[in-house]
Amino acid sequence: MRRAYRRAGSLDRPERVALFCERVADYRARVVRTDASSIADAVAGVADGRRLCVPDGVPAGWVPAAVERVRDDDLAPSELDALDGVLTGCTVAIAETGTIVLTSAPDEGRRAITLVPDLHVVVVAEDRIVELVPEGLESVAPLVRDEHRPVTFVSGPSATSDIELDRVEGVHGPRSLVVIVAAERVGSGA
Amino acid sequence: MTTLRPFPLAAREELQNAQLRANLRHATDTIRAKRARVVGEAPDWEELRAAAAAIKDDVLAQLDRYLEQFADAVEASGGHVHWAEDAAAANAVVVDVARSHGVTSVVKMKSLTTDEIRLNEALEAAGVEALETDFAELILQLDGDWPSHILVPAIHRNRREIRDLFARTISPGLASDDPAALAEASRRYLRERFLAARVGVSGANFAVAESGTICVVESEGNGRMCTTLPEVLVSVVGIEKLVPTLADLEVFLQLLPRSSTGERMNPYTSLWTGVRAGDGPQELHVVLLDNGRTRVLGDATGREALRCIRCSACLNVCPVYTRTGGHAYGSVYPGPIGAILTPQLVGIENAPTLPFASSLCGACADVCPVRIDIPGILVHLRAQAVAATRRPGERAVFVLVAAAFGSARRFSFAQRLGRVAQRPFARSGRIRSLPGPLAAWTRTRDLAPLAPRSFRDWWRAR
Ligand code: SF4
């Protein structure tokens with residue numbers, strides 16, 4: 001099979017990061033740029049005083065004092081529904097489409113926790129941002145093949161265009177998506 | 001066997017529905033513009049299309065091998081595979097699963113494949129409610145209506161109609177017809193159902209042979225709810241949905257959202273592979289559905305229709321569809337793709353007018369992300385339709401209709417179609433009374449008991 005389409009990006013890192021931020025914002029998600037040492041401040045800025053589900057793999061340094069960190073002890077769906085939101089990392093992010101990719105990694109948690117609560121705050125380390133969809137898939141394919149990990153591509157908050165084609169954010173998934181783009185490698189992940 | 005209502009007759013009735021026409025025009029114009037913008041942005045669009053066509057052709061040429069590989073991989077990752085040669089067999093699997101868990105309702109995400117087999121009716125007959133959770137599907141289900149577009153199925157309904165419907169059903173007293181308020185009403189109504197659901201039902205956009213992975217593409221998050229929260233998940237997968245490798249998804253996940261909703265990427269794409277302890281459903285059933293697809297495979301020209309990824313781009317550019325709407329096609333697959341797929345799935349003798357529902361202008365082929373030669377297949381099927389039709393009266397209709405389509409200029413087209421269609425069949429009736437053609441077709445089939453056959457036996461028996 002000939003694959004003549006683009007499989008490797010051509011942008012340098014600052015361009016890639018800028019494109020990612022622009023494309024995420026296009027979906028009416030909120031983008032906050034910061035550096036690795038200020039992630040907790042950025043989280044506090046969007047979730048101060050809230051109760052967030054935080055998977056065990058999320059570094060303590062990401063969680064501000066003003067956020068109540070709730071562990072996912074097999075929380076029932078109704079318990080997840082009672083939370084204000086969720087704070088996670090991501091495995092890889094795709095600039096061209098403004099997509100974050102989750103694979104149930106230790107700092108992402110199981111699928112339900114990023115689905116039921118109404119606010120999803122996701123921290124994206126700049127070095128996890130690739131340019132193209134094929135590059136994003138390439139980095140998660142081994143996790144699927146070898147570990148049967150589930151994968152969720154998230155591009156903006158949940159939406160519907162079913163009513164006279166007006167895009168309405170937030171039907172069943174989180175109605176608010178906040179993407180914190182951090183300038184150095186942070187935390188662990190895949 | 002009941003045949004589909006002739007397209008000219010159905011089309012005439014639909015053309016009289018001004019609301020539908022206005023909504024449809026607005027919708028198709030909007031989506032076309034969005035699509036054109038994001039397609040124009042992709043410098044390698046044609047290379048992606050070529051790759052997609054090649055991947056699908058490879059799958060169709062070796063479908064037996066890929067199906068076996070897929071089934072083995074699903075089982076190796078903890079899922080159960082069921083082979084269903086027709087609608088009755090597929091429905092029986094889902095009914096069995098629901099019964100074995102003692103549930104009286106299942107949550108369901110939008111799936112054309114399950115519409116095709118009329119799964120909801122089968123579940124209902126077995127005393128199981130199938131709750132549609134897609135916003136538009138919920139609207140249609142609440143009102144006993146039928147989809148008119150494969151991407152925006154309730155596009156023939158405007159916001160006031162939706163508000164009135166919700167106020168009558170799920171949200172008594174709802175006053176606002178603001179889209180956000182309508183979405184909120186559906187969110188509130190469905191949330192409890194999602195949280196309590198024990199069995200979920202999905203279709204699939206793609207199924208990956210090498211890993212046994214199922215991929216679903218959606219916007220609202222109801223699909224994630226249906227495929228993540230319940231303990232048990234049943235996914236009904238048409239056998240043409242296979243792709244060989246995970247890397248192949250990189251092609252389709254670029255083509256589909258841009259062609260379909262005109263977005264760079266849809267909000268949510270989910271991939272799952274068997275079951276994973278503590279994360280999502282702990283019991284997975286995958287129903288591999290034939291239901292006429294192997295018959296399509298047997299036609300070297302018509303087979304290309306099985307490349308279709310149901311993006312709906314061909315509907316939005318079709319001068320016939322954009323005027324008649326989806327109901328006129330009398331099938332879950334409307335528009336140009338319906339005109340080539342439905343007659344092949346149900347047999348040309350049961351849908352002989354559909355291949356004539358086109359002016360052969362070629363707009364569909366230009367936008368099709370998997371490069372299906374829709375006009376070529378239409379011509380091919382027209383010849384079959386004429387040959388299969390014995391009654392001279394009907395043949396005369398084809399000739400008239402074909403002449404109208406062939407010479408129609410964009411602006412006079414609808415009127416001409418209406419006049420031509422009126423001649424042989426003068427009848428009135430509301431679209432909601434349109435009998436589901438596939439229902440009639442599937443109902444004539446005997447309910448086959450689930451055959452515990454191996455895939456090899458099943459395939460050889462084709
Ligand atoms: S035939 Fe092509 S354009 Fe039409 S729905 Fe299928 S993939 Fe899309």
Residue among A:LEU132, A:ALA25, A:VAL101 farthest towards the positive dipole end of segment A:11-132, charges placed on Cβ: A:ALA25
Counted charge near A:LEU75, where neighbours are those whose Cβ lies closer than 10 Å (Asp, Glu -1; Lys, Arg +1): -3
Whether segment A:13-183 is rounded, prolate or oblate, judged on the alpha carbon gyration tensor where a/c under 1.5 counts as rounded: rounded
Buried accessible area, chains B and A (both chains, 1.4 Å probe, Å² to nearest 100): 5500
Residue of A:VAL130, A:VAL144, A:VAL154 that the Gaussian network model of chain A assigns the largest fluctuation, springs spanning Cα pairs under 10 Å: A:VAL144
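First compute the accessible area of the protein assembly as shown with a 1.4 Å probe, then give the percent of it belonging to carbon and sulfur atoms.
On the way: 11120 of 22760 Å².
So the carbon and sulfur contribution to the accessible surface is 49 percent.
For the ranges B:299-312, B:354-367, what's the packing order if you count other beta-carbon atoms within 10 Å of each residue, average per peptide, and put the highest first?
On the way: B:299-312: 20.6, B:354-367: 22.2.
Result, highest mean Cβ count within 10 Å first: B:354-367, B:299-312.
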Phi to ³J(HN,Hα) by Karplus 6.51 cos²θ - 1.76 cosθ + 1.60 over segment B:360-366, Hz, x for Gly, Pro: 6, 6, x, 4, 5, 5, 5
Among A:26-34, B:204-212, B:171-179, the order from most to least packed when residues are scored by Cβ within 10 Å on average: B:204-212, A:26-34, B:171-179
Shielding by partners, peptide B:228-236 (average Cβ within 10 angstrom, other chains): 2
Size of electric dipole in segment A:75-178: Cβ of Lys, Arg +1 and of Asp, Glu -1, about Cα centre, debye, nearest 20: 260
Antiparallel content of DSSP bridges confined to the protein assembly as shown, in %, to 5: 35
Largest-first ordering by accessible area, 1.4 Å probe, given options B:HIS149, B:HIS380, B:HIS26: B:HIS26, B:HIS380, B:HIS149
Accessible area, probe 1.4 Å, largest first, for residues B:SER202, A:SER37: A:SER37, B:SER202
Gained length - B:GLU124 relative to B:ASP58, 0.36 nm times residue gap less alpha-carbon distance: 19.9 nm
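Please average, across the residues of B:184-196, the number of beta carbons from any other chain that are within 10 Å of each residue's own beta carbon, and give a whole number. Please report the intermediate quantities before stating the final value.
Working: counts 4, 0, 5, 8, 0, 0, 2, 5, 3, 0, 5, 7, 2.
That works out to 3 on average.
Just counting partner chain Cβ atoms within 10 Å, what average do the residues of peptide A:4-10 show around their Cβ? Before the final figure, lay out the partial values.
Working: counts 6, 15, 6, 3, 0, 0, 0.
Shielding by partners across A:4-10 averages 4.
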Built amide H within the under 5 Å cut-off of A:THR99, gap 5+: A:ILE94
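What relative contact order, as a whole-number percentage, does chain A give when Cα pairs under 8 Å and 6 or more residues apart are counted? Don't skip to the end; give the middle numbers.
On the way: 415 pairs, mean separation 56.1, N = 190.
Dividing the mean separation by the residue count of chain A yields 30 percent.
Count the net charge of all other residues whose Cβ sits under 9 Å from the Cβ of B:ASN316, scoring Lys and Arg as +1 and Asp and Glu as -1.
Net charge around B:ASN316: +1.
Taking square-rooted eigenvalues a ≥ b ≥ c of the alpha carbon gyration tensor, is segment A:120-190 rounded, prolate or oblate, where a/c under 1.5 means rounded and, failing that, a/b exceeding b/c means prolate?
prolate
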Cβ-derived FRET efficiency at R0 45 Å, B:GLU349 paired with A:MET1, nearest 0.05: 0.75
Anchor B:LYS56: lysines whose Cα lies under 20 Å away (excluding residues fewer than 8 positions away in-chain): B:LYS241
Rg and Dmax of segment B:1-130, Cα atoms only, in Å: 21.0, 54
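With contacts defined as alpha carbon pairs under 8 Å and 6 or more residues apart, what's the relative contact order of segment B:122-219 in percent?
That works out to 14 percent.
Excluding B:TYR268 itself, what net charge comes from residues whose Cβ is under 11 Å from its Cβ, given Lys and Arg +1 and Asp and Glu -1? It would help to have the intermediate numbers written out before the result.
Details: positive: A:ARG111, B:ARG224; negative: B:GLU218, B:GLU220.
My count for the surroundings of B:TYR268 gives 0.
Is the protein assembly as shown best put as rounded, prolate or oblate by its Cα gyration tensor, with a ≥ b ≥ c the root eigenvalues, rounded for a/c under 1.5, and otherwise prolate when a/b is larger than b/c, oblate when not?
Numbers: a/c = 1.62, a/b = 1.57, b/c = 1.03.
In terms of gyration-tensor shape, prolate.
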In order through segment B:238-250: 3J(HN,Hα) via Karplus (6.51 cos²θ - 1.76 cosθ + 1.60), integer Hz, x for Gly, Pro: x, 5, 7, 7, 6, 10, x, 10, 4, 4, 5, 4, 4
Protein-protein interface of segment A:80-125, residues with accessible area decrease of at least 30 Å², isolated chain reference, 1.4 Å probe: A:ASP81, A:GLU96, A:THR97, A:ARG110, A:ARG111, A:LEU115, A:VAL116
Cβ crowding within 10 Å averaged over residues, with B:27-35, A:94-102 ranked highest first: A:94-102, B:27-35
Simple Cβ-charge dipole of the protein assembly as shown, Lys/Arg +1 and Asp/Glu -1, about Cα centre, in debye nearest 20: 2980
Among B:PRO147, B:MET265, B:LEU48 the positive-end extreme of the charge dipole of the protein assembly as shown (Cβ point charges): B:PRO147
Size of charge dipole - chain A - debye, nearest 20, with Cβ of Lys, Arg +1 and Asp, Glu -1, no other charges: 520
³J(HN,Hα) computed for each position of segment B:189-197 - Karplus, 6.51 cos²θ - 1.76 cosθ + 1.60, integer Hz, glycine/proline x: 5, 8, 3, 4, 5, 4, 5, 9, 5
Positive-end residue, chain A charge dipole about Cα centroid, Cβ charges, pick of A:LEU165, A:PRO14, A:PRO117: A:PRO14
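The values are calculated or read from the model by the stated rules, or taken from the named source; none is laboratory data. Because the structure is a prediction, the values reported are computed rather than measured. Glycine also receives a Cβ, built like all others from the backbone with ideal geometry; neighbour counts cover every protein chain displayed. Only protein heavy atoms, including side chains, enter the accessible area calculation; ligands, DNA and RNA are left aside. Shrake-Rupley method; radii C 1.70, N 1.55, O 1.52, S 1.80 Å.
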